[in-house]
Amino acid sequence: MKKLVLAAALTAAASTAFAGGMEEPMVEAPVVMEEAASSSSNFVVPLLILAVVAAAMAD
């Protein structure tokens, strides 16, 4: 009788473990970052540095 109860308990535990079944894992898409096109800021900083150097040399 004890073996029958133990077998029934193990069967119940095993059936609830697989109740959800096999399903595909959720895979999130990778995040892609694009660089902003900043054509005007590429030459502004060197021009400011050049203006500061030219002003310093003029004194």
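Quick notes
- In this structure, residue 39 qualifies as open to solvent by less than 100 Å² (accessible area, probe 1.4 Å), in a loop (DSSP other than H, G, I, E, B) and at pLDDT below 75.
- Test: residue in the stretch 7-25 that is open to solvent by 70 Å² or more (accessible area, probe 1.4 Å), under 37 Å from the mean Cα position of the chain (by Cα) and at pLDDT 75 or above: yes
The values are calculated or read from the model by the stated rules, or taken from the named source; none is laboratory data. A quick note: this is a predicted structure, and the numbers were derived from the prediction, not measured. Areas reflect the complete protein model, heavy atoms only, side chains present, ligands, DNA and RNA absent. Shrake-Rupley method; radii C 1.70, N 1.55, O 1.52, S 1.80 Å.
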